[in-house]
């Protein structure tokens, strides 16, 4: 985020404004020079009019640059605030995962895993507290929708550790793969989708997992594997939305 802010701030610099002010000074010196050379009143008036017009344009340009600088400064402050919020959330999730792992290790064998503990006081994250699996899942999914992929991965992993056998467990595992895919980590995405397919044989996410595995292979340049997975989607789930997407991609590849 800070790198992006640096690029933005480089669009307008104090050097740009200094350059405009130097041009204004040059124009003023030209007027004085013409006056000293004894040119006619008409020539002086004409030059003054041209200089005045140019000065107005330059002054407007300088004012616009000042406004742009202020806007960019505000954007940088917002980016820095967002980065701090993300860091705080990551730290909180790490603490919760560590606490859950500790609870799981301390439980005797065969005893059902407890709900995760409340987050540290003042730590925020109320939407994933209290041992509510639906709230935990929704918080993770919201991070995914906002493209906060690292946060979403941690939250979905925490959900799976605390609630490995709910109706949403296969979905949580699938969205971890989507997070990797969104980050461009195609190998990790393929591994995660394979995990969904092997771990949840009755999941309603199987068609999507096969489809995105095919997409990921194509992104890696492995056309053979990509086409094979897309064809499998069409063969095993012929009336699904995923099958329609697979057919479209196969046609785009010139494959029947």
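Its alpha carbons give segment 206-256 an Rg and a Dmax of 9.4, 28 Å.
Estimated from the Cβ-Cβ distance and a Förster radius of 22 angstrom, the FRET efficiency linking residue 194 and residue 228 is about 0.95.
Extension gain, residue 248 to residue 187, is 19.6 nm, computed as 0.36 nm per intervening residue step minus the present C-alpha separation. Counting other Cβ atoms within 10 Å as a rough exposure proxy, the listed residues 237, 163 run 237, 163 from fewest neighbours to most.
For residue 166 and residue 142 in one chain, what is 0.36 nm times their gap in residues minus the Cα-Cα distance, to one decimal in nm?
6.7 nm
Compute the FRET efficiency between residue 54 and residue 134 as 1/(1 + (r/R0)^6), taking r as their Cβ-Cβ distance and R0 = 45 Å, and round to the nearest 0.05.
Values: r = 66 Å, r/R0 = 1.46.
Given R0 = 45 Å and the Cβ-Cβ separation, E is 0.10.
What is the order of 236, 49, fewest Cβ neighbours within 10 Å to most? Lowest count first: 49, 236.
Gain in length, residue 18 to residue 66, computed as 0.36 nm per residue apart minus the alpha-carbon separation, to one decimal in nm?
On the way: separation 48, 0.36 × 48 = 17.28 nm, distance 1.18 nm.
Separation in residues times 0.36 nm, less the Cα-Cα distance, equals 16.1 nm.
Only the coordinates and a few stated rules stand behind these numbers; no lab work does. Note that the coordinates shown come from a computational prediction; the quantities given were computed from them, not determined experimentally. Ideal geometry is used to build each Cβ from the backbone, glycine not excepted, and the neighbour counts take in all protein chains shown.
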